[in-house]
Amino acid sequence: MAEAEVSSRESRWSLKGMTALVTGGTRGIGFAIVEELAGFGAAVHTCSRTETKLDECIKEWERKGFRVTGSVCDVSCQTQRDELIEKVSSTFQGKLNILVNNAATVVSKDSTEVTAEDMANTLGTNVEASYNLCQLAHPLLKASGNGSIVFISSVAAVVAFAYTYHLWSI
Ligand SMILES: NC(=O)c1ccc[n+]([C@@H]2O[C@H](COP(=O)([O-])OP(=O)(O)OC[C@H]3O[C@@H](n4cnc5c(N)ncnc54)[C@H](OP(=O)(O)O)[C@@H]3O)[C@@H](O)[C@H]2O)c1
């Protein structure tokens, strides 16, 4: 491929100078999103509830030359969400280009066994947290002049699975 063509493609697909927050980036889909965004040149902040795993990931990303920072946050907790966005604001000088609401939980039980507490935890983590993070991040997204929000959902949101829980247990 000609050199000019490669450089044109790189400039079209670059995220250099962009900032991103990806919740739940220490494994699975969130981990892959962090690596993809950082690989395109974005500075990324991520969070999870487990400090040791977060530290491990940050070291791995450092070794790969990615610009990734992280902080411990349980997104289902309002005060921790406030702290997360404060951290993101100070790390990225008040500007955020991309918010990826990825962290989520699933109850591995038959529907008849799901308790009110299970339901509150699921809605608090998967719905309320994502909605509130959008609200909290709004000033930062606006300040960047080019803000995007991504919600990670599931095919199970549109197609009924008889045994959805087995899919998450694999
Ligand atoms: N994998 C699938 O087959 C599948 C299918 C459809 C949709 N999805 C969606 O894709 C997204 C990612 O799924 P995944 O399978 O990659 O998940 P995963 O492997 O279980 O990873 C979840 C990530 O989120 C973090 N996390 C979980 N609860 C959190 C909380 N309350 N606060 C902060 N961080 C939290 C986890 O770290 P800690 O546990 O250390 O906090 C981890 O980094 C979710 O939105 C899920 O609904 C996945």
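The values are calculated or read from the model by the stated rules, or taken from the named source; none is laboratory data. Please read these numbers as outputs of a predicted model, since none were measured by experiment. Note that we place each Cβ from the backbone using ideal geometry, even for glycine, and neighbour counts take in every protein chain shown. The area values use the complete protein model at the heavy-atom level, side chains included, leaving out ligands, DNA and RNA. Shrake-Rupley method; radii C 1.70, N 1.55, O 1.52, S 1.80 Å.
Straight-line reach from LYS53: which aspartates and glutamates fall under 17 Å, measuring Cα to Cα and dropping same-chain residues less than 8 apart?
GLU35, GLU62, ASP74
For the stretch 18-154, restrict the atom set to alpha-carbon positions and state the Rg and Dmax in Å.
Taking only Cα atoms of the stretch 18-154, I get Rg and Dmax of 14.9, 48 Å.
Length gain on complete extension for the stretch LYS142 to THR50, per 0.36 nm per residue less the alpha carbon to alpha carbon distance? All intermediate terms of the calculation are to be shown ahead of the outcome.
Values: separation 92, 0.36 × 92 = 33.12 nm, distance 3.02 nm.
Residue separation times 0.36 nm, minus the Cα-Cα distance, leaves 30.1 nm.
Based solely on its DSSP helices, what 222 nm [θ] is calculated for the chain when runs of n ≥ 4 H residues each add -39,500 (n - 2.57) and the sum is averaged over all residues, nearest 500 deg cm²/dmol? Could the numbers behind the result be given before it?
On the way: 7 runs with 79 residues, N = 170.
Calculated at 222 nm, the ellipticity per residue is -14000 deg cm²/dmol.
Give me the aspartates and glutamates in straight-line cross-link reach of LYS109: C-alpha distance below 20 Å, same-chain residues under 8 apart excluded.
Hits, sequence-local ones excluded: GLU117, ASP118.
At 7 Å along Cα-to-Cβ for each site, give me the label-to-label distance between GLU62 and ASP82 in nm.
Result for the modelled spin labels: 3.1 nm.
Using only Cα atoms, find the angle between the long axis of helix 3-12 and the longest principal axis of the chain, and express it within 0 to 90 degrees, rounded to the nearest 10.
For helix 3-12, the angle is close to 50 degrees.
Accessible area per residue, 1.4 Å probe, Å², for the chain: what's the number?
So the chain comes to 62 Å² accessible per residue, rounded to a whole number.
If I model a spin label at ASN121 and TRP13 as a point 7 Å from the Cα along the Cα→Cβ vector, what separation in nanometres do I get?
Reported label-point gap for ASN121 and TRP13 is 4.0 nm.
Using a cut-off of 15 Å between beta-carbons, work out the net charge of the residues near ASP82 (Lys and Arg +1, Asp and Glu -1, ASP82 not included). Can you show the working numbers first?
Working: positive: ARG81, LYS87; negative: ASP74, GLU83, GLU86, GLU128.
Cβ neighbours under 15 Å give a net charge of -2.
Assign unit charges at the C-beta atoms only (+1 for Lys and Arg, -1 for Asp and Glu), then state the dipole size of the stretch 1-133 relative to its Cα centre in Debye, rounded to the nearest 20.
On the way: 14 positive and 19 negative charges, 100 e Å.
Its charge dipole is roughly 480 debye.
Could you check how much of the accessible area of the chain is carbon and sulfur, as a whole percent, using a 1.4 Å probe?
The nonpolar share, carbon plus sulfur, comes to 54 percent.
So which lysines can LYS59 reach, going by Cα to Cα under 27 Å and dropping same-chain residues fewer than 8 places off?
Within the straight-line limit of under 27 Å, LYS59 reaches these lysines: LYS16, LYS87, LYS95.
How far apart, in nm, are the 7 Å Cα→Cβ label points at ALA162 and VAL150?
3.4 nm
Where in the stretch 90-170 are there chymotrypsin sites (Phe, Trp or Tyr not before Pro) that are in a DSSP coil and have at most 14 other Cβ atoms within 10 angstrom of their Cβ? Don't jump to the answer; show the numbers that get you there.
Details: sites: PHE92, TYR131, PHE151, PHE161, TYR163, TYR165, TRP168; in loops: PHE92, PHE161, TYR163.
Sparse-neighbourhood loop chymotrypsin sites (Phe, Trp or Tyr not before Pro): PHE161, TYR163.
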